[in-house]
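The values are calculated or read from the model by the stated rules, or taken from the named source; none is laboratory data. Treat the numbers as computed from the prediction; the structure is a model and nothing was measured. Here the Cβ is made from the backbone with ideal geometry for all residues, glycine too, and neighbour counts use every protein chain on show.
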Amino acid sequence: MPTGGKLVAAIAFAALAYFITDLVKPLLPEGTRLGLFSPINALIGMAMGWTILGKGVGRSYWASLGYGLTTLAATVFWCVVCWAGYEMLKRSLRLYYDGPVEALQEMAQLAIDNVRLIMVPEVYWPALVGTIFVTWLAEYFGRRWS
């Protein structure tokens, strides 16, 4: 059921995902084609904000913080899996792999490499602070509009 808290959580987490994606872009190898990198990550952030954080607003600020951190972890997970899967599909269309198992193993390795790339203070501190702010915002408006 749509609520004000879910709406604010979805919009705010989409904005946070877009912002964090912009912080990640300089860390990518030079010449990387970015295309829909930011909008897709924002869409994933919106879906996670609606389903996870939106479900948890209205209880207390501390409980919402737990839901917010879970939302951040889920957003990072799905963004990393999405882009590792995309890269694996691009490579598999060029017949890079001998079979599907090798492709899935490479996808897991790509995901691990992507996590290593983004686990720098320039990315995770703004992500944590932004999550705290977004969680507070969603909880505030969730209480106001419920």
Residues within region 19-33 that are closer than 23 Å to Val134 by Cβ and either surrounded by fewer than 10 Cβ atoms within 10 Å (Cβ to Cβ) or not charged (D, E, K, R) (or both), tallied: 7
Looking at Val101 and the list (1) touching a helix residue (DSSP H, G or I) at 6+ places or on another chain (Cβ under 6 Å); (2) aliphatic (A, V, I, L, M); (3) over 20 Å from Trp78 (Cβ atoms), which single condition is not satisfied? (1)
What residue, of Thr131, Thr71, is surrounded by 13 or more Cβ atoms within 10 Å (Cβ to Cβ), in contact (Cβ under 8 Å) with a residue 60 or more places away in the chain, under 22 Å from Leu36 (Cα atoms) and of a type in the set (S, T, N, Q)? Thr71
Among Gly58, Gly54, which is outside any helix (DSSP H, G or I) and either over 16 Å from the mean Cα position of the chain (by Cα) or surrounded by 15 or more Cβ atoms within 10 Å (Cβ to Cβ) (or both)? Gly58
If you take the residues of region 1-14 that are assigned to a helix (DSSP H, G or I) and free of Cβ contacts under 8 Å to residues at least 40 places away in the same chain, which of them is farthest from Ala138 (Cα to Cα)? Ala14
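Suppose the filter is closer than 26 Å to Arg143 by Cβ and either surrounded by 17 or more Cβ atoms within 10 Å (Cβ to Cβ) or not hydrophobic (A, V, I, L, M, F, W, C) (or both); does Ala42 pass it? It would help to see each step written out before you state the result.
Working: closer than 26 Å to Arg143 by Cβ: yes; either surrounded by 17 or more Cβ atoms within 10 Å (Cβ to Cβ) or not hydrophobic (A, V, I, L, M, F, W, C) (or both): yes.
It is true that Ala42 is closer than 26 Å to Arg143 by Cβ and either surrounded by 17 or more Cβ atoms within 10 Å (Cβ to Cβ) or not hydrophobic (A, V, I, L, M, F, W, C) (or both).
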Take the residues in region 134-146 that are among the hydrophobic types (A, V, I, L, M, F, W, C) and surrounded by fewer than 16 Cβ atoms within 10 Å (Cβ to Cβ); name whichever of them is modelled with the highest pLDDT. Trp136
Tell me, please, whether a residue that is modelled with pLDDT of 95 or more, in a helix (DSSP H, G or I) and buried (at least 16 other Cβ atoms within 10 Å of the Cβ) can be found in region 111-118. yes
Among Val24, Val101, the single one that is in contact (Cβ under 8 Å) with a residue 12 or more places away in the chain and not hydroxyl-bearing (Ser, Thr, Tyr) is Val24
Long-range neighbours under 9 Å by Cβ, at least six apart or interchain, first residue under 16 Å from Tyr86 (Cα atoms) within region 27-52, second of a type in the set (Asp, Glu) and in a helix (DSSP H, G or I): Ser38/Asp22
Is it the case that region 76-91 has a residue that's small (Gly, Ala, Ser), surrounded by fewer than 17 Cβ atoms within 10 Å (Cβ to Cβ) and free of Cβ contacts under 8 Å to residues at least 12 places away in the same chain? no
